[in-house]
Amino acid sequence: MAEITAALVKELREITGAGMMDCKKALIEVDGDLESAIDWLRKKGLAAAAKKAGRVAAEGLVGVASSGCAAAVVEINAETDFIAKNLQFQSLVCQAAEIAAKSNHTIESLANAPFKGESATLQEEITRLIAVIGENMNLRRLHRLEVSQGIVATYIHSAAAPGLGRIGVLVALESSAKEHDKLNDLGKKLAMHIAAAAPQALSIADVDASALERERNILSDQARASGRPEEIIAKMVEGRIRKYYEEVVLLEQTYVIDGQTKITEVIDQLAKELGQPITLKGFVRYALGEGIEKEQTDFAAEVQAQAKIAM
């Protein structure tokens with residue numbers, strides 16, 4: 001049997017909000033597997049929906065930039081939050097986003113792209129700044145959206161400087177409407193919604209099949225615990241799946257700006273006003289550090305180690 005450590009119990013508690021003893025019991029039941037323990041707690045009604053994004057922490061900046069009917073978002077990480085105020089680092093992220101917006105790039109091709117400044121390429125500038133600032137840095141990821149006609153709106157939440165911050169969003173609206181100012185206004189408002197609501201998919205068809213199956217299994221087990229007939233359970237599950245879609249699918253979500261209109265209706269309203277169809281082709285939401293496990297340090301242990309060295 002896997003060892004159930006205090007750190008693992010604490011991590012499960014932080015993810016789910018369940019009690020320490022319940023977390024320990026869940027881990028014992030599933031032989032220490034964290035994801036299975038989350039499901040076990042949810043099936044027992046002892047945990048809220050698993051939202052692991054809050055556990056993730058890494059520093060640096062997210063940058064956005066536009067170029068014609070395209071825009072890009074780039075994330076470059078560093079070790080401390082002080083880096084976000086460094087003008088050289090800000091310039092690095094700005095230029096990286098601008099380069100990414102102009103043409104399709106992979107991480108490798110972006111790293112090797114020409115850089116305006118003291119270095120020949122973006123990667124060489126990163127290497128130079130590592131030596132100058134004294135922090136490790138990493139060109140982590142990028143995404144570019146483009147439409148044949150229309151706009152790709154950009155938005156930065158918690159901005160450290162224009163186009164730079166902790167959350168970056170792109171929204172691609174394809175339309176032949178000439179009123180680009182109104183399209184851009186809608187795009188920015190949708191981007192603000194996305195920053196706040198953090199949808200996982202554009203449409204129901206885009207929902208990850210494994211995530212949906214997992215959710216359905218959890219909801220089925222919860223419904224069966226009520227002791228109701230299977231035909232009633234099936235209806236209960238489908239109702240809760242519809243609610244799940246409203247939580248994770250952008251086009252099914254309620255617009256946070258007015259709190260009552262569905263996103264699809266918001267887009268349709270402007271399309272009628274402009275007399276041209278508007279299609280939400282895609283969106284991207286980057287939150288700084290998501291998906292990176294930040295190293296956990298024991299401050300007391302560090303102090304003790306330093307004291308022993310000094311003796």
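The values are calculated or read from the model by the stated rules, or taken from the named source; none is laboratory data. In this text, all values refer to a predicted model and were calculated from it rather than measured experimentally. For neighbour counting, all protein chains shown are included, and Cβ atoms are generated from backbone atoms with ideal geometry for every residue, glycine included. Accessible surface is based on the protein model in full, side chains and every heavy atom, while ligands, DNA and RNA are left aside. Shrake-Rupley method; radii C 1.70, N 1.55, O 1.52, S 1.80 Å.
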> Here is a list of conditions, (1) at pLDDT below 95; (2) closer than 28 Å to residue 267 by Cβ, and residue 225 meets all of them except one; can you say which number that is?
Replying inline: (2)
> Within segment 71-94, can you find the residues that are in contact with a Leu (Cβ under 7 Å, 6 or more places away or on another chain) and either under 21 Å from residue 157 (Cβ atoms) or of a type in the set (Lys, Arg) (or both)?
Replying inline: 71, 72, 73, 74, 75, 76, 84, 89, 90, 92, 93, 94
> Hey, any hits in segment 172-183 for a residue that's free of Cβ contacts under 8 Å to residues at least 12 places away in the same chain and within 25 Å of the chain's Cα centre (by Cα)?
Replying inline: no
> Are any residues in segment 230-257 part of a loop (DSSP other than H, G, I, E, B) and open to solvent by 70 Å² or more (accessible area, probe 1.4 Å), and if so, which ones?
Replying inline: 256, 257
> So which residues in segment 258-282 are out of contact with any Gly (no Cβ under 9 Å at 6 or more places or on another chain), open to solvent by less than 80 Å² (accessible area, probe 1.4 Å) and in a loop (DSSP other than H, G, I, E, B)?
Replying inline: 258, 259, 261, 275, 276
>> Can you say whether residue 158 is open to solvent by 70 Å² or more (accessible area, probe 1.4 Å) and hydroxyl-bearing (Ser, Thr, Tyr), as far as the supplied structure shows?
In response: no
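Open to solvent by less than 80 Å² (accessible area, probe 1.4 Å) and more than 19 Å from residue 95 (Cβ to Cβ): which single residue out of 191, 111 fits that description?
Working: 111 fails: more than 19 Å from residue 95 (Cβ to Cβ).
The match here is 191.
Among 183, 129, which is the only one that is open to solvent by less than 10 Å² (accessible area, probe 1.4 Å) and under 20 Å from residue 256 (Cα atoms)?
Numbers: 129 fails: under 20 Å from residue 256 (Cα atoms).
Going through 183, 129 in turn, just one is open to solvent by less than 10 Å² (accessible area, probe 1.4 Å) and under 20 Å from residue 256 (Cα atoms): 183.
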